[in-house]
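Asker: Here it is, the structure, as structure tokens.
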Amino acid sequence: MEFAGIGYSEEQIQLLDVASEFCREKSPIAKVRALIDTESGFDADVWQEMAGLGWLAIAVPEAQGGVGLTLAEVVPVVEQMGRNLLATPFVTTVVAQQALLAAGSAEQQAAWLPRLGAGEVGTLALGEAHGDWDLANITATATRADGQIRLTGTKHFVLWADSAALIVVSVLLDGKPALILVEKSAIPEGALRRETIVDETRRSFALTLDGIMVPDDAVLDLSRTNMALAQIDLATNLLQSAEMCGGAQAAIDYTLDYLRARKQFGKLIGEYQALKHPMVDAYVGYEKARTHLYSAAHSISDQGRGEIAVRMAKAAADGAYSFAADRAIQFHGGFGFTHDCDAGLHRRAAIFHASQYGDAAWQRKRLADLLLA
């Protein structure tokens with residue numbers, strides 16, 4: 001595969017090669033479907049293998065036991081996870097690390113970054129019933145009492161919460177946004193409720209905060225909360241774009257295999273222009289989205305430019321994945337609409353990604369605001 005035109009780094013190429021083989025081997029479609037029926041939703045042994053490869057520490061500084069690279073090097077790994085529908089808490093753990101790097105104290109970073117990099121699961125509790133993608137629109141609250149923080153409210157779409165050692169929770173503290181570190185031991189029995197979501201390969205929970213008490217030093221730096229929320233938003237959208245690009249490639253490959261094998265009236269259906277042209281459109285959309293993805297990966301840390309690049313990448317990836325999965329379902333005929341068709345897994349994944357942190361239309365609106373400001 002040629003990378004020079006996009007400008008891949010040597011580290012990205014190496015990680016892409018390793019991740020491609022690993023994810024293909026560890027996440028065959030039969031296993032993806034089998035994990036849907038399990039309690040945790042992911043293979044704990046594969047998770048530990050990933051930790052052993054150092055993937056969870058890619059964007060963690062060397063001083064905290066990490067590899068010392070950036071999110072740009074995380075992107076090719078996540079892309080291959082999306083391509084193979086590899087279900088793990090990888091993205092949420094990496095983004096929890098980003099929250100700590102953006103607003104955590106030296107003590108908080110020293111306590112958690114090595115643990116998350118070594119394989120403990122992290123996640124975030126940011127979503128609320130109003131469904132607003134503006135992360136600063138918070139209704140959950142926190143109040144101080146005798147050196148502790150009491151939380152109230154409910155959070156939704158807390159991915160992999162039942163497996164998480166650490167949850168980064170957004171609340172209003174003294175009327176202003178704040179991020180709180182909530183350890184698993186602080187969550188009372190019954191506070192987590194499994195949510196039914198369109199993407200069956202993930203595990204999502206509602207978290208009732210009422211009754212949760214944490215020490216005062218569990219609050220991330222209040223002066224950097226807005227910066228941390230912005231970093232969480234961009235990091236998640238970047239990594240979602242990577243998953244969606246990988247998924248779009250898989251949906252295209254899956255459909256092409258079918259078009260090359262299925263015959264109708266004695267002729268391969270892939271020879272019909274009515275099917276050829278949409279597949280070309282799907283591939284062009286995928287290539288455009290992937291170019292946006294790696295451009296965003298390299299520029300995410302650039303003030304202003306990074307946000308523009310990430311929002312362009314998410315909008316393009318949303319469109320590319322949705323279109324490729326839609327065509328996959330349509331071109332498989334009646335079978336495409338059954339649960340046994342793998343195209344449906346990709347379509348549902350695309351829908352869920354679009355529902356989190358902003359779909360294509362929302363990203364384009366934000367882009368307009370940024371470009372016209």
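Asker: By how many degrees, between 0 and 90 and to the nearest 10, does the Cα long axis of helix 305-331 differ from the longest principal axis of the chain?
Answerer: 40 degrees
Asker: By how many degrees, between 0 and 90 and to the nearest 10, does the Cα long axis of helix 90-103 differ from the longest principal axis of the chain?
Answerer: Once rounded, one gets 40 degrees.
Asker: Skip the ligands, DNA and RNA, and give the accessible area per residue of the chain with a 1.4 Å probe, whole Å².
Answerer: That works out to 43 Å² for each residue.
Asker: By a straight-distance test (C-alpha under 30 Å), which lysines pair with Lys176 as possible cross-link partners, with residues fewer than eight away in the same chain excluded?
Answerer: Result set, ordered by chain and number: Lys155, Lys184, Lys314, Lys365.
Asker: Under a GNM of the chain (C-alpha, springs under 10 Å), which listed residue has the highest mean-square fluctuation: Ala30, Ala360, Ala136?
Answerer: Evaluated over the chain, the most mobile residue of the options is Ala30.
Asker: Right, next: Order the following by accessible area, largest value first: Tyr357, Tyr283. Probe radius 1.4 Å; ligands, DNA and RNA are ignored.
Answerer: Tyr283, Tyr357
Asker: May I pose another question? Classify the range 1-108 as rounded, prolate or oblate from the Cα gyration tensor: take a ≥ b ≥ c as the square roots of its eigenvalues, call it rounded if a/c is under 1.5, otherwise prolate when a/b beats b/c and oblate if not.
Answerer: Cα axes put the range 1-108 in the oblate bin.
Asker: If you don't mind, another one. Cα centroid distance between the range 297-373 and the range 105-129, in Å?
Answerer: Taking the Cα centre of each part, the range 297-373 and the range 105-129 sit 27 Å apart.
Asker: While we're here: So how much accessible area does His130 have, in Å² to the nearest 10, using a 1.4 Å probe?
Answerer: About 80 Å², ignoring ligands and nucleic acids.
Asker: So, one more: For the range 298-366, what relative contact order do you get, as a whole percent, if you take Cα pairs closer than 8 Å and at least 6 residues apart?
Answerer: Contact order relative to length: 36 percent.
Asker: With a 1.4 Å probe and all protein chains kept in place, how much accessible area does Glu183 have, in Å² rounded to the nearest 10?
Answerer: 80 Å²
Asker: To continue, here is another question. Tell me whether the range 108-240 comes out rounded, prolate or oblate; compute the Cα gyration tensor, take square roots of the eigenvalues as a ≥ b ≥ c, and use a/c under 1.5 as the rounded threshold.
Answerer: Rounded, because the longest to shortest axis ratio a/c is under 1.5.
Asker: Okay, next question. State, as an integer percentage, the relative contact order of the chain based on alpha-carbon contacts under 8 Å between residues 6 or more apart.
Answerer: Over the chain, the number comes to 16 percent.
Asker: Show me, for the range 146-152, the HN-Hα J-couplings you get by feeding each phi into the Karplus relation (A = 6.51, B = -1.76, C = 1.60, θ = phi - 60°), rounded to Hz, glycine and proline as x.
Answerer: Ordered by residue, 3J(HN,Hα) equals 6, x, 10, 10, 9, 9, 9 Hz.
Asker: Put +1 on the Cβ of every Lys and Arg and -1 on every Asp and Glu Cβ in the range 107-146; which of Leu124, Trp112, Ala145 then has its Cα farthest towards the positive end of the dipole?
Answerer: Farthest along the dipole direction, towards plus: Trp112.
Asker: All other residues with a Cβ under 11 Å from the Cβ of Trp47 taken together, and with Lys, Arg as +1 and Asp, Glu as -1, what is their net charge?
Answerer: -3
Asker: Would you mind checking the tilt of helix 71-83 against the longest principal axis of the Cα atoms of the chain, expressed as 0 to 90 degrees and rounded to 10?
Answerer: The two axes meet at around 50 degrees.
Asker: Could you tell me the center-to-center distance, by alpha carbons, between the range 219-237 and the range 158-175 in angstrom?
Answerer: Computed from Cα coordinates, the inter-centre distance equals 13 Å.
Asker: If you don't mind, there's one more thing I want to ask. Specify the residue with the greatest mean-square fluctuation among Ile308, Ile232, Ile212, computed from a Gaussian network of the chain linking alpha-carbon atoms under 10 Å apart.
Answerer: Looking only at Ile308, Ile232, Ile212, the largest GNM fluctuation is found for Ile212.
Asker: Let me know the Rg and Dmax you get for the range 211-305 when you use only its Cα atoms, in Å.
Answerer: Using the Cα atoms of the range 211-305, the pair Rg, Dmax is 22.0, 72 Å.
Asker: Follow-up question, since we're still on this one. Counting C-alpha atoms alone, how compact is the chain: give Rg to one decimal and Dmax as a whole number, in angstrom.
Answerer: Final numbers for Rg and Dmax: 20.8, 79 Å.
Asker: First select every other residue whose beta carbon is under 15 angstrom from the beta carbon of Val75; then total the charges, Lys and Arg +1, Asp and Glu -1.
Answerer: Net charge in that neighbourhood comes out at -3.
Asker: I need to check one value: relative contact order of the range 139-183, counting alpha carbon pairs closer than 8 Å and at least 6 residues apart, in percent.
Answerer: Over the range 139-183, the number comes to 35 percent.
The values are calculated or read from the model by the stated rules, or taken from the named source; none is laboratory data. Being a predicted model, the structure only gives us computed values, none of them experimental. For neighbour counting, all protein chains shown are included, and Cβ atoms are generated from backbone atoms with ideal geometry for every residue, glycine included. Note: accessible area is taken over every heavy atom of the protein model, side chains too, but ligands, DNA and RNA are not part of it. Shrake-Rupley method; radii C 1.70, N 1.55, O 1.52, S 1.80 Å.
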